[in-house]
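This report concerns only the one structure given below.
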């Protein structure tokens, strides 16, 4: 038992110490009696108000906010689920698989609409569409694309203008990018045509929405496809350079989800944190421009156009299935 | 009589218990049967969905350019969505090797063909697993692809809970209704028995007629043997009454002859001791014939009491008539009657019986009154018609008062007075036959009082 404990401590030390985080910040008093370790894919800036309001109410609790990309986050958490209390991610499929595989702890006495949660252990709290983000200057004099068809037409009409200046997620790196791509692909064949067109234009591949937005704003690329609209809208400072378009043909709307680790040493406090998170976001039914758009819980399941939380999310995580998808995607995008 | 009947378990309780017990057993059987059946159907439903999922994954398996591709549709797992958010696991195997999915999912060998379902435990929870296999022809030969899809059983358990609740409610309802019905059935069954008991209990002491009302077929043997028994009883009672009457009658006539002979002889004998013997002989004969007469009276009363011939009579008239007829006997003993009577005291009764009873009562008073005394006779009408006869004799012995109306019972102080012990019995029988009473008492100034009320 003692050896096991020591081993776990070593592992903990190695994980927390050696892990290369995208960002890591601590909120709350330095002498807090407990520290909640929150593993998240969300940029700290977007979450900061919420975290600050939590530590303001719960004075004896501090938060260690650890940011990683969705795929990394999934791997890290699967290796050491006991080292983290709460996991927040935009990759619904990976989060769903965590819950399905028993990594999430069901929360008792927590009323929440059925369509926005799964097994009382995975809770959705934002509604974030994938958007087309364009550089206003680059599209001066051109039709603003409102559908994927429009975008295909614009790109085909001006190949020289867009050569090397289009971007999208590298689905092999980003979990949320893979989610958007697979959901697009299962909804419409237009996705593959768009990918072929973008591939023909030597599309730039990105790990994260933030970088895509920066590059569109700076003019390095003219258009980015499947960017998290919430991130783009949140960048009020770039509003003059970029325009965020949510496609009108069909929308792929992701819900950010949170779960409490099944092996958390602080289940009660983790639940309090998740409850705070859901209350702040979801109950608000829409956030301010500087934070993530909340989920409208007043509407029922039928009124939702978000990606449903259901076992089918496991489909594209299947190794055969994803291998096939990666092959098709690579064939289309990297020519 | 009733306290000598030994009771075994009550029929009603037995019947009720058997019926309720049967209903409980039936309710339990229904509960378990329906639940079992519902479980099977619910399980079948889950198996079908799992089977469809497995089939859709298997159908997607193709070998293209020598490599296996299983591009199964989104719907394959989407169809496994349940209201209870059941967890879903799957595994895809090629020739027994895990290709993708959950490698540790419990496995069973399956031949290509129809799907097979079973329940196993995976990751600490019971899951339902459906497996099917398919043979594919590849360049290097045949290859067998098998797919297992597993699902937890939360939704199924919820459905079963609902069904169990509904069925339990149904079973309880059935049981309650059956219980109510069994109470009803029991009282309906016991009813005729109760009615028979009531009709027999309500009968007068002399009524030995057969039960005439219709009874259920099951009770016919009991009732017919009852009727039979009563018939025999009635017959033997009648026979003995007849015998007594016949015997009294037969004795009375020769006694009269013997008396007249004895009286004639008394006139002729001179010797004092002979005369004395003859006188006591005459007195003995008188006593015997009087007893015979009273036996006859009693037999007659027993007979007439069953077939009372009621008429409206004036009790005063009846009493004065008897008094005037007994006047000569009273005068012989220097006894006077003092009659206080309302002019009309209407009664409804059998005149012959009433006369008999009143005559016996006044006779008694005469017998026990000392010479030169007065017998008070009162006839009045208050709530009931009432006749009181009081003498100045020795009175009733108080400790024997209750038993004096029995047949042949005589007071301890009645020695030396001729009497059969039937007078009060006759009066009592007549009073009872008319739904009246006979009350014995003693006067404070000495003497017996009999109150005859109708």
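Some points to look at:
- Taken over the range B:88-117, residues that are facing chain A (nearest Cβ under 10 Å) and touching a residue at least 60 places away in the same chain (Cβ under 8 Å) amount to 3.
- Residue within the range B:192-203 that is more than 15 Å from the chain's Cα centre (by Cα), over 30 Å from residue A:314 (Cα atoms) and part of a loop (DSSP other than H, G, I, E, B) present: yes
- Matching residues, the range B:45-67, being at negative phi and outside any helix (DSSP H, G or I): B:60, B:61, B:62, B:63, B:64, B:67
- Any hit, the range B:229-252, residues being farther than 22 Å from residue B:303 by Cβ and not assigned by TED's automatic domain parsing to the domain that holds residue B:422: no
- Of the residues contained in the range A:59-70, one or more are found to be at pLDDT below 95 and exposed (fewer than 13 other Cβ atoms within 10 Å of the Cβ).
- When B:181, B:156 are checked against the criterion of being outside any loop (DSSP other than H, G, I, E, B), closer than 29 Å to residue B:51 by Cα and in contact with a helix residue (DSSP H, G or I) (Cβ under 8 Å, 6 or more places away or on another chain), a single residue qualifies: B:156.
- Of all residues making up the range A:192-218, the number that are within 20 Å of the chain's Cα centre (by Cα), free of Cβ contacts under 8 Å to residues at least 60 places away in the same chain and surrounded by 19 or more Cβ atoms within 10 Å (Cβ to Cβ): 3
- Scope the range B:47-72; condition more than 8 Å from every other protein chain (Cβ to nearest Cβ), closer than 30 Å to residue A:117 by Cα and surrounded by fewer than 21 Cβ atoms within 10 Å (Cβ to Cβ); matching residues: B:47, B:48, B:49, B:51, B:52, B:55, B:56
- Residue A:120 fulfils the conditions (1) touching a strand residue (DSSP E or B) at 6+ places or on another chain (Cβ under 7 Å); (2) within 14 Å of chain B (Cβ to nearest Cβ) except for a single criterion, (1).
- Those helices (runs of 4 or more DSSP H) lying entirely in the range A:225-335 with at least 1 residues under 16 Å from the mean Cα position of the chain (by Cα): A:229-234, A:267-281
- Verdict on residue A:91 being crowded, with 21+ Cβ neighbours inside 10 Å and more than 16 Å from the chain's Cα centre (by Cα): no
- On the stretch given as the range B:205-233, residues that are exposed (fewer than 11 other Cβ atoms within 10 Å of the Cβ) and closer than 19 Å to residue B:433 by Cβ total 1.
The values are calculated or read from the model by the stated rules, or taken from the named source; none is laboratory data. Values in this document were obtained by computation on a predicted structure and should not be read as measured data. Every residue, glycine as well, gets a Cβ built from its backbone with ideal geometry; the counts of neighbours run over all protein chains shown.
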